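**Q** I'd like to ask you about the structure that follows.
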Amino acid sequence: MIGHQVLDDILDSAETIGVIARDPSRLSMRVRERIEVVQGAHNDISVVTEAFTGAASVLWLVPPNPHAQNAEDYYLDFGRPACEAIRSQGVKRVIGVSSLGREFGKNAGLLSPAYVMDDLIESTGVSHRALRMPFFMENMLNQVEAIKSKGMILLANSADRNLSTVATRDIATVAAELLLDDSWSGQSGVPVVGPDDLSPNDMAKVMSEVLERPVRFQQVPGPDYKTAMMQYGMSEAWAQGLADMAEAQNKGVYDAESDTPQSTTPTSFRQWCEEVLRPAVLA
């Protein structure tokens, strides 16, 4: 989702653009005519080496895989070939999609592998900007059927614990700006945080107002949430990672970095609900 939005944001630039795609036919004709496509997976050393040849800047993100048996190993299986290609092809700048809370450590569920990825990329010495995000507003698109059928959203998060939020389109905007800017160097994190800190109860209230129907929040205990995710086909490890991530969010994994004034992005949760969630629920 983020990658497609970044591509849309940079497509009209004068830069040469290369993309790794498993299935290039899924790209629009307009996109395919404009960019250079390397077909394959970006955990394949030959693919990333070809894609990084001549590239000054790279956007790096690992696609989620709810069937992975070990989340950290899964991330490293992507990261090691990337780092080898970064070194061999002389890539100057990497923009990585990470998460807030790097200082929280290794007990943050599915967030922790992103921190490991940051360390691995930075070990190459490349100039690096780790985009550090909180709770994606788009996570609520997974709740559309529950909203329609039950009038509720269900998460393992605490009902009254505020979460920093962000819309993926705003992440894409920041990533695109960094891709097109050749003036930066060094290694640092970039908090990318929306204007709202909302609890799940607050989110349900906003949804109710925008959708003009009652929506309430129901907290699901971590073990029950894990079981439910496995019933949807997730691996036990990935489901446990989701439950542990929610627990880390309940403990404030995002708090230390989320109140940086210059990190605020424009899309409010209400605006996102009006422009993205409402059409999805009405579809």
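**Q** Only one residue in Gly189, Gly222 is buried (at least 16 other Cβ atoms within 10 Å of the Cβ), touching a Lys or Arg at 6+ places or on another chain (Cβ under 7 Å) and in contact (Cβ under 8 Å) with a residue 40 or more places away in the chain, so which one is that?
**A** Values: Gly222 fails: touching a Lys or Arg at 6+ places or on another chain (Cβ under 7 Å).
None of the other options fit; the residue is Gly189.
**Q** Just the residues that are part of a helix (DSSP H, G or I), more than 21 Å from the chain's Cα centre (by Cα) and crowded, with 18+ Cβ neighbours inside 10 Å, please, taken from the range 24-49.
**A** Correct list: Val31, Val47.
**Q** Next question, about the same structure. Of the numbered conditions (1) out of contact with any strand residue (DSSP E or B) (no Cβ under 8 Å at 6 or more places or on another chain); (2) surrounded by 21 or more Cβ atoms within 10 Å (Cβ to Cβ), Phe135 satisfies every one except a single condition; which is it?
**A** Condition not satisfied by Phe135: (1).
**Q** Give the residues of the range 191-233 that are assigned to a helix (DSSP H, G or I), touching a Phe, Trp or Tyr at 6+ places or on another chain (Cβ under 7 Å) and either modelled with pLDDT under 95 or not hydrophobic (A, V, I, L, M, F, W, C) (or both), sorted by residue number. Lay out the reasoning, then the answer.
**A** Our first condition is that a residue be assigned to a helix (DSSP H, G or I); within the range 191-233, this holds for 200-211, 222-231.
Applying the additional criterion that residues be touching a Phe, Trp or Tyr at 6+ places or on another chain (Cβ under 7 Å) yields 200-201, 203-204, 206.
The answer is Pro200, Asn201.
Condition check ((1) of a type in the set (Ser, Thr, Tyr); (2) under 19 Å from the mean Cα position of the chain (by Cα); (3) crowded, with 20+ Cβ neighbours inside 10 Å) across all residues:
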site: Met230; (1), (2), (3): no, no, no
site: Asp244; (1), (2), (3): no, yes, yes
site: Lys251; (1), (2), (3): no, no, no
site: Asp255; (1), (2), (3): no, yes, no
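**Q** Within the range 154-186, take every residue that is more than 17 Å from Gly252 (Cβ to Cβ), of a type in the set (Ser, Thr, Tyr) and touching a residue at least 12 places away in the same chain (Cβ under 8 Å) and give me the one that is surrounded by the fewest Cβ atoms within 10 Å (Cβ to Cβ).
**A** Ranking the qualifying residues of the range 154-186, first place goes to Ser185.
**Q** Which ones in the range 208-217 are within 10 Å of Gly151 (Cα to Cα) and surrounded by fewer than 19 Cβ atoms within 10 Å (Cβ to Cβ)? If you could, list the steps in order and put the result at the bottom.
**A** The initial filter retains those residues of the range 208-217 that are within 10 Å of Gly151 (Cα to Cα), namely 208, 213-217.
Result: Ser208, Arg213, Pro214, Arg216.
**Q** Quick one: in the range 50-84, of everything that is part of a helix (DSSP H, G or I) and small (Gly, Ala, Ser), which residue is farthest from Ala114 (Cα to Cα)?
**A** Applying the first criterion (part of a helix (DSSP H, G or I)) to the range 50-84 yields 50-52, 71-84.
If we keep only those that are small (Gly, Ala, Ser) as well, we get 51, 71, 79, 82.
Numbers: Ala51: 22, Ala71: 10, Gly79: 10, Ala82: 14 Å.
My answer is Ala51.
**Q** Scan the range 85-107 and give yes if some residue there is buried (at least 16 other Cβ atoms within 10 Å of the Cβ), of a type in the set (Gly, Ala, Ser) and part of a helix (DSSP H, G or I), otherwise no.
**A** Restricting attention to the range 85-107, the residues satisfying the condition of being buried (at least 16 other Cβ atoms within 10 Å of the Cβ) are 85-86, 89, 91, 93-102, 104.
Then keep just the ones that are of a type in the set (Gly, Ala, Ser); that gives 85, 96, 98-99, 101.
After this cut, where a residue has to be part of a helix (DSSP H, G or I) as well, the list is 85.
Yes: the range 85-107 contains one or more residues that are buried (at least 16 other Cβ atoms within 10 Å of the Cβ), of a type in the set (Gly, Ala, Ser) and part of a helix (DSSP H, G or I).
**Q** For the range 11-23, what are the residues that are touching a helix residue (DSSP H, G or I) at 6+ places or on another chain (Cβ under 6 Å) and either of a type in the set (Phe, Trp, Tyr) or buried (at least 18 other Cβ atoms within 10 Å of the Cβ) (or both)?
**A** Scanning the range 11-23 gives a single hit, Ile20.
**Q** Let me ask you something else. Go through (1) touching a residue at least 40 places away in the same chain (Cβ under 8 Å); (2) in contact with a strand residue (DSSP E or B) (Cβ under 9 Å, 6 or more places away or on another chain); (3) more than 19 Å from Leu131 (Cβ to Cβ) and name the single condition Leu27 misses.
**A** Against the list (1) touching a residue at least 40 places away in the same chain (Cβ under 8 Å); (2) in contact with a strand residue (DSSP E or B) (Cβ under 9 Å, 6 or more places away or on another chain); (3) more than 19 Å from Leu131 (Cβ to Cβ), Leu27 comes up short only on (1).
**Q** I've got another one for you. Of the residues that make up the range 3-14, is at least one among the charged types (D, E, K, R), without any contact (Cβ under 8 Å) to a residue 12 or more places away in the chain and more than 21 Å from Leu131 (Cα to Cα)?
**A** Of the residues in the range 3-14, the ones among the charged types (D, E, K, R) are 8-9, 12.
Next, from what is left, pick out any that are without any contact (Cβ under 8 Å) to a residue 12 or more places away in the chain: 12.
Checking the rest, the ones that are also more than 21 Å from Leu131 (Cα to Cα) come to 12.
There is at least one residue in the range 3-14 that is among the charged types (D, E, K, R), without any contact (Cβ under 8 Å) to a residue 12 or more places away in the chain and more than 21 Å from Leu131 (Cα to Cα).
**Q** May I ask you to say which residue of Ser183, Ser149 is modelled with pLDDT of 95 or more, over 20 Å from Asp118 (Cβ atoms), of a type in the set (Ser, Thr, Tyr) and in a loop (DSSP other than H, G, I, E, B)?
**A** Answer to the selection: Ser183.
The values are calculated or read from the model by the stated rules, or taken from the named source; none is laboratory data. Every value quoted in this text rests on a predicted model; they were computed, and no experiment measured them. Backbone-built Cβ (ideal geometry, glycine too); neighbour counts: all protein chains shown.
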